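Novice: Below: one structure in structure tokens.
The values are calculated or read from the model by the stated rules, or taken from the named source; none is laboratory data. Keep in mind it's a predicted model, so treat the numbers as computed, not measured. Positions of Cβ are generated from backbone atoms using ideal geometry, with glycine treated the same way; all protein chains shown enter the neighbour counts. What goes into the accessible areas is simple: the full protein's heavy atoms, side chains included, and nothing from ligands, DNA or RNA. Shrake-Rupley method; radii C 1.70, N 1.55, O 1.52, S 1.80 Å.
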Amino acid sequence: MTEAEHHEFWERGRAEITRALRLRGYDLVAGAAGAPPPLLEELPLAAQAAFYTWMKRYSFRLCFRDLVIQGPARVRRGRKFYSPAKAEQYLAVLGRIFGAAGLKRLQEHPLDNLGEMLEWLIAEVMARELGVPSLRGVKIKNSDLSGDLDLVALLEGGLLVLEVKSSPPKHIHLPEVQAFVSRLFTVGPRCAALVEATHLRMKDK
């Protein structure tokens, strides 16, 4: 996909979702359409595509998480889901994707969580595997909506809302689920799902 095609794909999705929300009486205030999170925003599209391909691997996601939290020395020791040899391979991959300077910035980037990265990954899966564009971090006005909607898309003409969590199920408490359900009653999508990735949380409790 060329840059022009990439831009057209995501902007068409933005227009369709904006229209679907407006038919419900809501105006879109914010929502990222295809724009990568800060850690990836300086990468060209080809590098973002390579990163996406590797991020579909569970062990690679964990290695990336550990690198951002604790640095390469910790990663090189390996862990349950990747060996020291695999860690070296993944660090080499990240070096090729980000370059030496980018990899250094990646290690120094202060992050509390990888929620935004997970939302981007899910949006990319939907776009690349299903041809479905979406908006991340959706904020609307003219409503009593509390917080934002993690990911909104149109799937076969129906509105789809996803709540994305990067914590284990035992750390997803009832008030969070109730808030999600409340947002669903407000927006009235045809489909909804709560997506949870247990090993992308940045801090252990």
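Novice: Using the Cα centre of the chain as the reference point, and only Cβ charges (+1 on K/R, -1 on D/E), how large is the resulting charge dipole? Debye, rounded to the nearest 20.
Specialist: 820 debye
Novice: Is region 29-133 rounded, prolate or oblate when judged by the Cα gyration tensor, a ≥ b ≥ c being the square roots of its eigenvalues, rounded requiring a/c under 1.5 and prolate requiring a/b larger than b/c?
Specialist: Numbers: a/c = 1.80, a/b = 1.58, b/c = 1.14.
Cα axes put region 29-133 in the prolate bin.
Novice: Quick one: which residues, 5 or more positions from Glu163 or on another chain, have an amide H under 5 Å from its amide H? H modelled 1.01 Å from N in the peptide plane, none for Pro or chain starts.
Specialist: Excluding prolines and chain starts, which carry no amide H, the hits are Ala193, Leu194, Val195.
Novice: Report Glu196's accessible area, 1.4 Å probe, all protein chains in place, as a number in Å² to the nearest 10.
Specialist: 60 Å²
Novice: Less than 20 Å apart at the alpha-carbon level, and either on another chain or at least 8 residues along: which aspartates and glutamates does that give for Lys104?
Specialist: Lys104 reaches Glu41, Glu42, Asp66, Glu88, Asp112.
Novice: Less than 14 Å apart at the alpha-carbon level, and either on another chain or at least 8 residues along: which aspartates and glutamates does that give for Lys56?
Specialist: Once the sequence-local aspartates and glutamates are set aside, what remains near Lys56 is Glu119, Glu124, Glu129.
Novice: Just for the chain, what percent of DSSP beta bridges are antiparallel, to the closest 5? If you can, show how the numbers build up before the last one.
Specialist: On the way: 14 of 20 bridges.
Around 70 percent of the beta bridges assigned by DSSP in the chain are antiparallel ones.
Novice: Of all accessible surface on the chain at a 1.4 Å probe, what whole percent is carbon and sulfur?
Specialist: Taking all protein chains in place, the chain shows 53 percent carbon and sulfur surface.
Novice: On to the next question. Can you give the accessible area of Trp54 in Å² (nearest 10), computed on protein heavy atoms with a 1.4 Å probe?
Specialist: 50 Å²
Novice: HN-Hα J couplings of region 12-21 from phi, Karplus 6.51/-1.76/1.60, θ = phi - 60°, integer Hz, Gly and Pro as x?
Specialist: The phi angles translate into 5, x, 4, 5, 5, 5, 4, 5, 4, 5 Hz.
Novice: With a 1.4 Å probe and all protein chains in place, put Ile17, Ile122 in order of accessible area, largest first. All intermediate terms of the calculation are to be shown ahead of the outcome.
Specialist: Details: Ile17 0, Ile122 25 Å².
Final ranking, largest accessible area leading: Ile122, Ile17.
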